[in-house]
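Let me begin by presenting the structure, written as structure tokens, before commenting on it.
The values are calculated or read from the model by the stated rules, or taken from the named source; none is laboratory data. Only a predicted model underlies this, so the values are computations on that prediction, with no experimental measurement involved. Cβ: placed from backbone, ideal geometry, glycine included. Neighbour counts: every protein chain shown. Please note that ligands, DNA and RNA were not included when accessible areas were found on the heavy atoms of the full protein model with its side chains. Shrake-Rupley method; radii C 1.70, N 1.55, O 1.52, S 1.80 Å.
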Amino acid sequence: MSTQSSRPPGTRESARSGTMPRPGVEVLVERARGLQSTLRQAAEETEKNRRVSADIMQRMVSEGLTRLMKPARFGGYEYGPSALIRVAYELAQGCGSTAWAVMIANVDSWFASYWPLEVQQEIWSTNPDNLIAGLAVPTGQCEHVDGGFRIRGRWPWASNCDNSAWAFVSARIPEADSSGGGVAWFMVPIEQLVIDQNSWHVCGMQGTGSKTLCADEPIFVPAARAIRFDDITARRVPGCVVPANPMANFAFSTFGAAGLLGPILGMAKGALDLFVEATKAKVRVSMRPGSPVPAGQSPFIQERIGRAAAMIDAGQRLAVAELESAEQQVFATGQLGVDERIRVRRTFGFCVRQAVDAVNLVAEVAGASASDSSLPLQRFWRDINAGARHVSFDVAGINMMAGQHALGLPPVGAF
């Protein structure tokens, strides 16, 4: 399951030669921006249905918005994770759940590059538009058998699983196993799993369809479809020796949360824009005699708007700049040093906090009417506060890890 990379540093191999020209990132950003109205109109239904509809997800596929970091030999664009931020930022201004589900489809197509070429061919040879769901938390059980593994269990939080043809699930290999133990990811056709349609009843991000995948009876997984988690950052996964497969050099532990940060930043922008438009038309009832006062005339509200806008812009721009710098180094050399990896994680923590705090700033002064369930502002507020609780955004833990590293101590955490 593990191999040593033989790619020479300083070069970026890609299978893009001979494929159709990829659209520029700016083109993809414009496509995403053009879908905001459609997603905004469908957001309430998406939340009620607890999933992104097949029609909307197919629209994302048709627009090329699920191919951002997918291997080029299977029709992907092989952009770096900064593209995830930029595209998701636009989509999430229409619907945070849809942006989240689309980014999960993107990052899991990128993660598929960690597997051997034969597995990537299994996923996409019959349908290059196949999407993947992924569960990195090892809540399943497995045993080593002749030719591979048998796995079973329940894997919660499988975002966009209803629209996916494949999924990878995770389990710990028993320590006594001759293969050495540790956490492994197992790629399986989604048809071999059961989607628990009675799961994922939540107060935020319900439209992501992050339901539970189940295998009550053992499933056989060939050895080629299993990779070890520890091999990803160490660049020992099989995909690292596949020629022209640069996406395998982007480590999950460092960059994985980029696909989730983009939707959170975009939801913050969407919420602020709604608040500003509502404030322009709103009047505040006063206990004093006289005419009601336009809400926009309040210096307190004006200050909140200005501060929230600066926080959101700072988060989005910092995230893009940090990722553009890091991805250039990965494309050039195949890897990042510890300093750079921890800085990426620290940036994610800082940016998500700016986005959430900005939304809470304006939600506090939006008034009781903003809680009306028919208004989109309350959905943005619920969704962003729920999404920011993802394990990838343990801001205190990230900052502690960065502090440990700055002090010359061993950093504890994922980077």
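Per this entry, residue 62 is counted among residues that are over 18 Å from residue 205 (Cα atoms), surrounded by fewer than 23 Cβ atoms within 10 Å (Cβ to Cβ) and among the hydroxyl-bearing types (Ser, Thr, Tyr).
Of everything listed in (1) modelled with pLDDT of 95 or more; (2) open to solvent by less than 50 Å² (accessible area, probe 1.4 Å), the single unmet condition for residue 307 is (2). Condition test on residue 90, is it among the acidic types (Asp, Glu), surrounded by fewer than 23 Cβ atoms within 10 Å (Cβ to Cβ) and modelled with pLDDT of 95 or more? Spelling it out, it is not the case that residue 90 is among the acidic types (Asp, Glu), surrounded by fewer than 23 Cβ atoms within 10 Å (Cβ to Cβ) and modelled with pLDDT of 95 or more. Exactly one residue out of 412, 359, 344, 365 is β-branched (Val, Ile, Thr), open to solvent by less than 50 Å² (accessible area, probe 1.4 Å) and not in a helix (DSSP H, G or I): that is 365. Take the conditions (1) open to solvent by 50 Å² or more (accessible area, probe 1.4 Å); (2) modelled with pLDDT of 95 or more; residue 17 misses just one of them, which is (2).
Restricting the search to strands (runs of 3 or more DSSP E) fully inside the stretch 97-187 and requiring at least 2 residues that are farther than 16 Å from residue 211 by Cβ gives 140-145, 148-158, 166-173. Report yes if some residue within the stretch 116-126 is of a type in the set (A, V, I, L, M, F, W, C) and over 23 Å from residue 249 (Cα atoms); otherwise report no. No, the stretch 116-126 contains no residue that is of a type in the set (A, V, I, L, M, F, W, C) and over 23 Å from residue 249 (Cα atoms). The residues of the stretch 281-302 that are loosely packed, with under 12 Cβ neighbours inside 10 Å and at pLDDT 90 or above, listed by number, are 299, 300.
Looking at residue 414, is it over 30 Å from residue 44 (Cα atoms) and more than 25 Å from the chain's Cα centre (by Cα)? The answer is no for residue 414. Considering 277, 217, the condition of being modelled with pLDDT under 95 and acidic (Asp, Glu) is satisfied by 277 alone.
Checked against the criterion of being closer than 26 Å to residue 354 by Cα, touching a helix residue (DSSP H, G or I) at 6+ places or on another chain (Cβ under 9 Å) and free of Cβ contacts under 8 Å to residues at least 12 places away in the same chain, the candidates 302, 297, 316 yield just one match: 302. In this structure, residue 68 qualifies as outside any helix (DSSP H, G or I), open to solvent by less than 40 Å² (accessible area, probe 1.4 Å), at negative phi and hydrophobic (A, V, I, L, M, F, W, C). Number of residues in the stretch 261-280 that are over 11 Å from residue 93 (Cβ atoms), among the aliphatic types (A, V, I, L, M) and open to solvent by 10 Å² or more (accessible area, probe 1.4 Å) equals 2. Applying the set (1) buried (at least 22 other Cβ atoms within 10 Å of the Cβ); (2) in a helix (DSSP H, G or I) to residue 336 leaves exactly one unmet item: (2).
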